[in-house]
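Here's the structure we're looking at; comments come further down.
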Amino acid sequence: MTLLIYRDGLIGDFLGVIPIMIELARQDTLQVCIHPEAELIFQLIPQKYNIKLQEMGSGFDRVLELDINKAFELSHRHNYHMTQSYYACLGLPVPEKPPVAELEYELMETPGYDYILAPFSRSLPPQERWPREQWQRLTDLMPDKSFCIIGHERDERDFVTGSNISQMYNEPLVRVINTLRNSGKGLISVVSGPSHLAFHLGVKNYLLTNQTMTWGNNPEAIQISDHIPDLKAERVTGILHGNS
């Protein structure tokens with residue numbers, strides 16, 4: 001029996017650990033010790049792999065720990081996405097392409113918005129956040145499109161407003177997942193939990209990023225890498241309409 005310890009609770013980083021968890025569970029009975037904030041994401045791991053939260057007692061044949069700082073350093077050295085770095089951390093063969101987490105969740109109907117907006121991030125520095133007025137300008141430039149802004153209870157309400165704007169704050173994760181999957185044209189976001197989720201769900205992502213490392217960028221995203229504080233909404237709408 002194997003115990004895997006992973007202490008970080010951020011959504012995106014934990015999603016990146018799921019492929020290596022499943023790989024370990026294929027090799028041996030697996031229990032995991034994780035941050036309490038990651039338990040909602042943990043519940044998305046398919047039950048067929050029988051991965052359990054750590055139970056009382058010992059009796060493990062091996063105890064492994066993933067160090068996110070080591071994984072980040074390996075990403076910097078080898079240009080790995082986070083999902084690849086976690087394999088390297090444990091000395092396992094690194095997949096040639098970033099692996100996608102296998103997720104299991106209830107399918108449900110949600111309103112079919114054209115675009116989902118994810119402007120918020122708990123960890124991004126100010127210089128990687130797009131100004132509020134540009135998010136507002138973006139939606140104003142496309143009055144015929146419907147938008148849904150997603151966020152946490154800590155995020156600013158009415159961040160963008162208009163007759164074509166809906167809001168989802170602090171909704172159950174399964175509803176957020178289905179809203180992303182059911183969007184007509186995809187997600188517009190900064191580097192954040194939703195952009196990581198879009199990668200693992202196969203949802204189209206227009207990603208505003210100034211991050212030069214492969215680590216956290218959605219590898220399948222349409223990356224908009226202009227200097228974010230100076231990026232104009234007109235530039236983004238041009239990309240959305242197929243103009244480079």
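The values are calculated or read from the model by the stated rules, or taken from the named source; none is laboratory data. What you see is a predicted model; the values in this text were computed from it and never measured. Methodologically, a virtual Cβ is constructed for each residue, glycine included, from the backbone with ideal geometry; neighbour enumeration extends over all protein chains shown. Heavy atoms of the whole protein, side chains included, go into the accessibility calculation; ligands, DNA and RNA do not. Shrake-Rupley method; radii C 1.70, N 1.55, O 1.52, S 1.80 Å.
Just a few scattered comments:
- Just one of the numbered conditions (1) under 16 Å from residue 208 (Cβ atoms); (2) modelled with pLDDT of 95 or more; (3) not aromatic (Phe, Trp, Tyr) is not true of residue 145: (1).
- Residue ID - least open to solvent (accessible area, probe 1.4 Å), chosen from residues in the range 117-151 that are over 21 Å from residue 226 (Cβ atoms) and of a type in the set (D, E, K, R): 145
- Applying the criterion of at least 3 residues that are of a type outside the set (Ser, Thr, Tyr), in contact with a strand residue (DSSP E or B) (Cβ under 6 Å, 6 or more places away or on another chain) and surrounded by fewer than 16 Cβ atoms within 10 Å (Cβ to Cβ) to the strands (runs of 3 or more DSSP E) found wholly in the range 158-242 leaves an empty list.
- Flag: residue 154 matches the condition of being basic (Lys, Arg) and loosely packed, with under 15 Cβ neighbours inside 10 Å.
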